[in-house]
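Contents: one structure, followed by commentary.
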Amino acid sequence: MRALPVGNGALLVEVSSDEEAQALHAELVRRRTEGSLSVREIVPAARTVLLDGLADPVRLAAQLTASEVPPAPPRPREVVELPVRYDGPDLADVAAHWGVSPEEVARVHAGTEFTVAFCGFAPGFGYLTGLPAHYDVPRRATPRTAVPPGSVALAGPYTGVYPRSSPGGWQLIGTTDAVLWDHARVPAALLSPGTRVRFVGAP
Amino acid sequence: MTDRALSVVRAGALTTVQDRGRPGHAHLGVPRSGALDRPAAELANRLVGNRPEAAVLETTLNGCAVRPRSTVTVAVTGAPCRITVDGRAAAWGAPVRVPAGALLTVGTAVSGLRSYVAVSGGIAVEPVLGSRSTDLLSGLGPVPLTDGAVLPLGTPTPLRTRVDTAPQPAPPAELVLRVTLGPRADWFTPEAVRVFTSRAFQVSSASNRIGLRTEGPTLERAFEGELPSEGMVLGAVQVPPDGRPVVFLADHPTTGGYPVIGVVRETDLPPAAQAVPGTPVRFVEVRRR
């Protein structure tokens, strides 16, 4: 674990895997909840957790680098289920990458339990991990100028759902009617870091 | 709608509603947003007796024109500009009474880029995640002003103490941005780091509320490769593949995959909001406090 100073009030804590980043994120959120860590933002990402709005980043850096990456926390009991129709325009391409039939892509995807590793790109867009590494797929060579909202998509090791129409280069395998982001709802984001997610195939 | 409202007669090039933004939601992919020249926005609020966090209008380059439906006090700060009330010149940087139905025009910036218009009672559009700010990256908050739009106003708080005038910094002829290096300065050649902290850049016309883009020297990477997405802070200087540094402003993305060579001190960012395209920029390395 390495803690890189960012400006005068932030730290970027670097670990070596998605799993470690998720465990570290959970531990830092726990410390903030119990009151032993005062910080404005805790932003997990692929291999890092950013702590922004710290009074004394140097002291915290020393503390963190002297400690081990915490063990993975107990998983939350609740699982968010997202109904999905596996009808995406890139389903056949993904099937070709995986070397299986489109039906098998749907079966594997709906049979996987995902975790929201981190969010970004747009409010409510989660980067979901859970698929084994041999199912990684590249981004499309040419991004689409408009991906429809509710598109269920794959890129690299991640699955994501587009909360609203936006440009995007991910491989679209399906569609969900779930509302990923509604700022009038509490909470606004259906998915946040650490959330367990299951895609449920619908005809 | 009640008469506590403002009709937009001329929206201008880009006029948005801004307050202190919505920090604390970066982990959901929500940018902080908020007024780019926060001291100017807060001064405008003080001049009309508002709380400092009240929502104001942020104009871009060519001002705007609005007509309040009830008599209000307004103040315009930030980029200096000509102000009129029903055609008569009025003071910039001071409280101005605008009678019900009168036309307030905020002219083109004489220098600087963004003027702030505070109205007594504040702009009272519906807040989103605790803020009324327009976020141009993610589309949260009210849409930018359009001709003919009507904005609700809040109720003025008459007990607030008011200031009548206050000094304001002139928009910068040269932008000097103090930076601490890192977290990814090691992704660049030592020569690139030297160029970054010693050569002159210019503000690019492609700058916006998301980032201040630069023209000038390009910074060479020490090695190729992709950085996994990581959290971004306000003032981060990200270097995309074209090698031209971009300083992240209020509507910056919460995560990004291009290396950050350094971070600009937050207190140096309000002047960056007022730097017109072509303004010389220098990044000066300072030690971490």
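The values are calculated or read from the model by the stated rules, or taken from the named source; none is laboratory data. Small disclaimer: the values here were computed from a predicted structure and weren't measured. As a convention, Cβ positions derive from the backbone with ideal geometry for all residues, glycine included, and neighbour counts pool all protein chains shown.
Please give the strands (runs of 3 or more DSSP E) falling wholly within the range A:117-197 in which 1 or more residues are under 15 Å from the mean Cα position of the chain (by Cα).
A:126-129, A:151-155, A:158-161
Residues A:GLY88, A:GLY150, A:GLY130, A:GLY156: which one is within 30 Å of B:LEU137 (Cβ to Cβ) and touching a Leu at 6+ places or on another chain (Cβ under 6 Å)?
Sole residue among the options that is within 30 Å of B:LEU137 (Cβ to Cβ) and touching a Leu at 6+ places or on another chain (Cβ under 6 Å): A:GLY88.
Listed here are the residues, each with its yes/no results for (1) modelled with pLDDT of 95 or more; (2) exposed (fewer than 15 other Cβ atoms within 10 Å of the Cβ).
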residue	(1), (2)
B:ALA185	yes, no
B:THR189	yes, yes
B:VAL203	yes, no
B:SER207	yes, no
B:ILE210	yes, no
B:THR214	yes, no
B:LEU219	yes, no
B:GLU224	no, yes
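Check B:VAL30 against each of (1) surrounded by 24 or more Cβ atoms within 10 Å (Cβ to Cβ); (2) more than 11 Å from the chain's Cα centre (by Cα); (3) more than 14 Å from chain A (Cβ to nearest Cβ) and name the one condition it does not meet.
Exception for B:VAL30: condition (3).
Hey, can you tell me all the residues within the range B:1-57 that are in contact with a helix residue (DSSP H, G or I) (Cβ under 9 Å, 6 or more places away or on another chain), of a type in the set (D, E, K, R) and either at pLDDT below 95 or assigned to a loop (DSSP other than H, G, I, E, B) (or both)?
Within the range B:1-57, B:ASP19, B:ARG20, B:ARG32, B:ASP37, B:ARG51, B:GLU53 qualify.
Which one of these does B:ARG199 not meet: (1) farther than 24 Å from B:THR267 by Cα; (2) modelled with pLDDT of 95 or more; (3) within 27 Å of the chain's Cα centre (by Cα)?
With respect to (1) farther than 24 Å from B:THR267 by Cα; (2) modelled with pLDDT of 95 or more; (3) within 27 Å of the chain's Cα centre (by Cα), B:ARG199 is out only on (1).
If we scan the range B:86-106, do we find a residue that is within 14 Å of chain A (Cβ to nearest Cβ) and assigned to a loop (DSSP other than H, G, I, E, B)?
No, the range B:86-106 contains no residue that is within 14 Å of chain A (Cβ to nearest Cβ) and assigned to a loop (DSSP other than H, G, I, E, B).
Considering only residues that are surrounded by fewer than 19 Cβ atoms within 10 Å (Cβ to Cβ) and at pLDDT 95 or above, look in the range B:244-265 and name the one that is nearest to the other protein chains (Cβ to nearest Cβ).
Going through the qualifying residues, I end up with B:ARG265.
Using the structure shown, decide if A:LEU154 is touching a residue at least 12 places away in the same chain (Cβ under 8 Å), buried (at least 18 other Cβ atoms within 10 Å of the Cβ) and at the interface with another protein chain (Cβ under 9 Å from one of its Cβ atoms).
No.
If only one of B:PRO142, B:PRO127 is within 30 Å of B:ALA91 (Cα to Cα), surrounded by fewer than 22 Cβ atoms within 10 Å (Cβ to Cβ) and within 14 Å of chain A (Cβ to nearest Cβ), which one is it?
Only one candidate qualifies: B:PRO142.
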